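Here the structure comes first, spelled out in structure tokens, and everything after it is commentary.
The values are calculated or read from the model by the stated rules, or taken from the named source; none is laboratory data. These figures come from a predicted structure and were not determined experimentally. A quick note on method: Cβ atoms are made from the backbone with ideal geometry, for glycine too, and the neighbour counts reach across all protein chains shown.
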Amino acid sequence: MKIKNQLFLIILLITIPSVLIPSIMIFQSQYSELESKIIQEMSVDSIHVMDKISRMIYERNADISTFALNAGIIIDSKTNQINAQELKIFDNTLREYERISKTYSSISIYDLSGNKISDTRNFDSITNDYSEEKFFKNALNSNYFDKYPTFSNELKKEVIHFSAPIKNKDGETSAVIVTKMPTSRLYDIISTSNENRDGYETHLLSHDGNIIFSTSRDKTFDKEFFNELKNEKMKILKKDDKNQVSNIFLITEDKGFLDQKSLEWYIVTQATEDKIYQSLIELQRNTAIVVGVILIISTIVTRLFMNSFSKPVLKLAKISQKVSSGSKKIQFPVIESNDEFNILSKSIKKMYSYQENISEQLENKLIELKKSGKEKDEFMAMLSHEMKTPLMPILGYSEMLLMPELIGKLNEQQTDAVKNIEKNGKHLQKMILELLQLQRMEVLTGSVSISEIKLEKFYDELLEDIKSKINEKNIKLIIAESKIHTIFSDEIKLKQVFTNIILNAIDFIPKNTGEIKIRSEIDNNDFVKFTIKDNGRGIPTEDLLKIFTKFYQVDTGITREHDGSGLGLSICKEIVEIMKGEIWAESKKGKGSKFIFTIPNILENKDSKLV
Ligand code: ADP
């Protein structure tokens, strides 16, 4: 990854958590703060509502007692005769009260037989109001009210009945008074508390979990849940597979107003998360927007910063690339800034001009060296050529001397001396030949003659050339199977390289158990790689590079077995490099050697003479 992108990533990795973590923390603390605030508000509200309801029931009970006390003698208990005038006065009083208080739907009076004798709403046509019967019976002895609302057929709505006996002077019950309070009065109390509070529901429940009144349309409440709530006082049901939204439930029990016994009614307040947490959801959304905006801005700023930072780096990288690729006369722009880039660009410019200076000097030196090298080569060429001429008669006469039929028989000592002359003469001749060959190679630099080479045939001919040496030492030469069958290269040069390497290997591998293995494979698509591996004495690591220089021999002792000139591998190197390939050796002392070289496989333009 480019430095620019790496830095960009690092800055983002630092920015994102440093924005996100505090936002999440703030959000979480706000969330729990809001939740506990809601629970507190709900608890205060429901106590308040319960209190109001309890007070209202107390007042309705007080009302009915007062009504009963103030009834006067509306029925003569001895004759059971209705005192119409008294009844009329009392009914009027009740009507007036009902009108002013706006609390009741109707107030009725019954005689002891259960017949309605007066009704503030004139419902006297219906004498048998079954819904009121039980009140009547209960009211014969004492005050009574029903803790469950009843549907009134007369009023066509749900009402709560309050009843009390009307007694005469002797304390005997002479009639019964019944008031009907519509449940909407409960609604008035509850709805004022729920006003402007979307998402809240209030349920008024009896001790057994029946709904007396509820703001929700659902008129039932799960009894089991109600009992759990009674024990735990509060329940938070989180959104999950069962619940589509989270709900908070809070329960408050009536404690009884003043001396009134507990009604055993319960207020359950329910808060639905989606609505009540509206502000929190908004907070969440706003936080997300703010975080998003911060991230976008920081990304843009980081990008801009990275660009301003990376531009000079890229500029310097480009220039360094040009320098390293060997381009000359590069224009060096100095980065005009107040930071380290200015210093860096100036330093690189200085370094470059210094290096240019040095390389100019080196180039001059090289030209000089080449000139003297050429002179040396010319001298060597002349020398080897001149040495070749007198060597011919030396070798010729030595050979003749060893043929008794021509010049006569020599004694044993003389024969040994002539053999020695011949051997050293031949060695000198080989050296001169190799020198001349090397000389020719250097002169011919760049000249390659490409032809199609069938590798199988090539190896057969190679083997034929060195067969006698292989048989002499009784060693194995293995040609490994290869996917390559035909290549395009300079056959003569290739054979020379193989011959030099293999002849060396034959000299260094043991008799009878010696083994040479040749492998050829594709290298980098259009190159062929040859490996010649032997199980000979190996080459010390420090000599691996030196063996390719002229006249270098690892073992120069008199007793050495290998009779070389130190030129064979230099010739190989020269040839491989002419062919634009590479050659190297891999070995360890005592572990055999591997000579590897690559040459291009010239598939196109195969008739070309020059590569
Ligand atoms: P020479 O004419 O002496 O063989 P070369 O340039 O061919 O000259 O080789 C240089 C030296 O490299 C050799 O003298 C020898 O010490 C070492 N050498 C070359 N091939 C091998 C090999 N297969 N195993 C061990 N040593 C080798």
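For the stretch 387-396, the criterion of a residue being under 30 Å from Ser570 (Cα atoms), basic (Lys, Arg), in a helix (DSSP H, G or I) and in contact with a helix residue (DSSP H, G or I) (Cβ under 6 Å, 6 or more places away or on another chain) is satisfied by at least one position. Contact annotation: residue pairs with Cβ atoms under 7 Å, 6 or more positions apart or on different chains, pairing a residue in the stretch 498-514 that is charged (D, E, K, R) with a partner that is more than 11 Å from the ligand (Cβ to nearest atom) and assigned to a loop (DSSP other than H, G, I, E, B), are Lys511/Asn474.
Exactly one residue out of Ile539, Ile583, Ile575 is of a type in the set (A, V, I, L, M, F, W, C) and in contact with a Cys (Cβ under 7 Å, 6 or more places away or on another chain), and it is Ile583. Working only within the stretch 563-594, note down all residues that are under 48 Å from the mean Cα position of the chain (by Cα), within 27 Å of Ile432 (Cβ to Cβ) and within 10 Å of the ligand (Cβ to nearest atom). Passing the criteria: only Ala585.
Yes or no: the stretch 326-340 includes at least one residue that is in a helix (DSSP H, G or I), in contact with a Lys or Arg (Cβ under 7 Å, 6 or more places away or on another chain) and surrounded by 12 or more Cβ atoms within 10 Å (Cβ to Cβ). No, because not a single residue in the stretch 326-340 is in a helix (DSSP H, G or I), in contact with a Lys or Arg (Cβ under 7 Å, 6 or more places away or on another chain) and surrounded by 12 or more Cβ atoms within 10 Å (Cβ to Cβ). Contact map, the stretch 80-101: first residue without any contact (Cβ under 8 Å) to a residue 24 or more places away in the chain, second residue surrounded by 12 or more Cβ atoms within 10 Å (Cβ to Cβ) and part of a loop (DSSP other than H, G, I, E, B), Cβ cut-off under 7 Å, separation 6 or more or different chains; pairs are Asn83/Ile73; Asn83/Ile74; Asn83/Asp76; Glu86/Gly72; Glu86/Ile73; Glu86/Ile74; Glu98/Tyr104; Glu98/Thr120. When Lys493 is tested against (1) within 15 Å of the ligand (Cβ to nearest atom); (2) on the phi < 0 side of the Ramachandran plot; (3) of a type outside the set (S, T, N, Q), only condition (1) is not met.
Scanning the stretch 540-549 for residues that are out of contact with any Phe, Trp or Tyr (no Cβ under 9 Å at 6 or more places or on another chain) and in contact (Cβ under 8 Å) with a residue 12 or more places away in the chain, we see that the one that is farthest from the ligand (Cβ to nearest atom) is Thr541. When you check Glu228 against the structure, is it in a helix (DSSP H, G or I) and of a type in the set (Asp, Glu), yes or no? In short, yes. Where strands (runs of 3 or more DSSP E) fall entirely within the stretch 133-186, those with at least 1 residues that are among the aliphatic types (A, V, I, L, M) and crowded, with 17+ Cβ neighbours inside 10 Å are at 157-167, 173-182. The one condition from (1) in contact with a Gly (Cβ under 8 Å, 6 or more places away or on another chain); (2) modelled with pLDDT of 85 or more; (3) not charged (D, E, K, R) that Ile107 does not meet is (1). The condition (being under 22 Å from Tyr552 (Cα atoms) and either at pLDDT 95 or above or within 16 Å of the ligand (Cβ to nearest atom) (or both)) is satisfied by just one residue among Thr499, Thr513: Thr499. Of the set (1) near the ligand (Cβ under 8 Å from one of its atoms); (2) more than 30 Å from Lys423 (Cβ to Cβ), all apply to Arg537 but (2). Flag not set for Phe213, criterion: at negative phi, in a loop (DSSP other than H, G, I, E, B) and surrounded by 12 or more Cβ atoms within 10 Å (Cβ to Cβ).
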